[in-house]
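What follows draws every value from the coordinates through simple rules; no lab data is involved. In this text the structure is predicted, and so the values were computed from the model without any measurement. Every residue, glycine among them, receives a Cβ derived from its backbone with ideal geometry; neighbour counts consider all protein chains shown.
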Amino acid sequence: MHRAGALASVALLLACVGGGCATYSDRMASAMQSTAAGNFEAAIGSINSALEVGSAAELPVTWNGDRTLSVLERGTLQQAITVWDGSARDLSAAEAHLELLDLSSDPVGSFASYVYSDSARTYRSPPSERLSLNAVNLLNYLARGDSSGAAVEARRFQVMREYLASVGEAATGPSTLGTYLAGFVFEQLGEGDRALRYYDEAMANGQLQSLAVPINRLARSYSYRGERLKATISKSVDTSARDGAAGEILIVAGIGRVPHRVPERIPVGAAVGIAGSVLTGDIDPLKYGAAKVLVYPALRSTPSVLGTPVLQVNGQTVELEQIVDLGAAIEAEYEKLKPRILAAAISRMIVRAAAAEGVRAAGKSESQALGDVLSVVAEGVLVALDKPDTRSWLTLPDRFLVARVPAAQGKHEVRVAFADGTERIFDVAIDQGSYAAVVVTEPR
């Protein structure tokens, strides 16, 4: 390659950089700003624009990775404004177009195609996100009193949960939420043994106080006993309030937003140390590189000012129990994946370094200085072009809290107040032997 050819190649790369390449987070910035401000309708409007649809009642005509994830975001926000049917439709439609991140494949080569936007067309959700989808959607059916629909979604949750378990992915955070809700569904449908089995599994990470009464009440009539149930069943638990009630109010609050991904630079030496044995292949080309940092999709917490809400039912304060710290589960999952993510970034950096060395060699045919300059420019441009995929489910609530309140027949008022002054008020009615589910989704 002569001087003109080498310069032309670098100029072409510079032109590509000039065109820019916004990340998913960049494209969702306006929607997330509105979400953080509590203006969920405006956030839905921004997402509709990105989807090129006229309203939240429409699904995109064509699907791609970004649109699938955007519909997922809209589904959460529709749940936040209590549009249960629209939320259920969005979440179900997005589920049909999602792919699960395959953690059993080549830890470097194929993983690189998942975490870098130049090759990641279809969004591949990590286990915790994927299993959360069915649990979150189950809430829509409970909120509208559709026990049959909730049972179908509970079974879909169980199918995905069993699949993840078969490939060694427990996804414990969403598993706790889903099994708790599934237990409630089958308790209401009169399938006591199945409900007890789910309640037993919901306590895999520790005892849940809100399950003490329902477990002890069911245990009087049904035979299933798991090891965790045995520790919960006690004659000292007073079930009289629930026994004498016409029905029950279930309150579920999804608060905050899980950590999100951002592009971050890290010294290549530190990255090699973290990647460790996951990294394979020859890293010698890196010694020629002028760029000593690489860019990868890091995980950052999403701040929230909501705090723990205060719940009142008919003017009486009721304690909410946190059953899932989904953000912590996603962080733990990410730390497990981090060596693969960095190994993938390093493998791509090796390709860049080799390409830059080729430009250097071509430039050296004219002069040493030209070769060095062209190499530095070429590698710098390739670094700029190599943008990590920062896509993730941005509106997925960070924490889930529950309360279960025995209720007499008639109307009841449920108030949920947050530290920032926001208050949500729900009027619910209980018939004999029925339930009401109050779902409060505040992804901010």
**Request:** Subtracting the Cα-Cα distance from 0.36 nm times the residue separation, let me have the gained length for Ile233 to Arg265 in nm, one decimal.
**Result:** 6.3 nm
**Prompt:** What are the ³J(HN,Hα) values, in whole Hz, obtained from phi via the Karplus relation 6.51 cos²θ - 1.76 cosθ + 1.60 with θ = phi - 60°, for each residue of region 145-159 in sequence order, with x given for Gly and Pro?
**Reply:** x, 9, 5, 5, x, 5, 5, 4, 5, 4, 5, 5, 4, 5, 4
**Asked** Between Asp193 and Asp431, what length comes free when the chain is fully extended (0.36 nm per residue of separation minus the Cα-Cα distance, one decimal in nm)?
**Response** 83.3 nm
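Tally Lys and Arg at +1 and Asp and Glu at -1 over the other residues with C-beta under 13 Å from the C-beta of Glu333: what net charge comes out?
0
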**Complete:** Diffing region 49-58: the Karplus 3J(HN,Hα) column from phi (6.51, -1.76, 1.60, θ = phi - 60°), in whole Hz with x for Gly and Pro, holds 4, 5, 7, 6, 10, x, 7, 6, 7, 9
**Item:** Placed amide H near Ala246: partners under 5 Å, 5+ positions off or other chain
**Value:** Ala407, Ala408, Gln409
**Item:** Projected label distance in nm at Glu162 and Arg225, using a 7 Å step from Cα toward the beta-carbon
**Value:** 2.6
**Prompt:** HN-Hα J couplings of region 203-209 from phi, Karplus 6.51/-1.76/1.60, θ = phi - 60°, integer Hz, Gly and Pro as x?
**Reply:** 9, 4, 9, x, 5, 10, 4
**Asked** Hey, which of these cross-link pairs are over 25 Å Cα-Cα: Lys235/Lys411; Lys336/Lys387; Lys338/Lys387?
**Response** Lys235/Lys411
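Taking the Cβ of Ile255 as the centre, find all other residues whose Cβ is under 12 Å away and add up their charges (Lys, Arg: +1; Asp, Glu: -1).
0
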**Message:** Give me the extension gain from Arg144 to Asn39: residue separation times 0.36 nm, minus the current Cα-Cα distance, reported in nm with one decimal.
**Reply:** 35.5 nm
**Request:** Sum up the charges of everything whose Cβ sits under 14 Å from the Cβ of Gly433, counting Lys and Arg as +1 and Asp and Glu as -1, but leave Gly433 out.
**Result:** -2
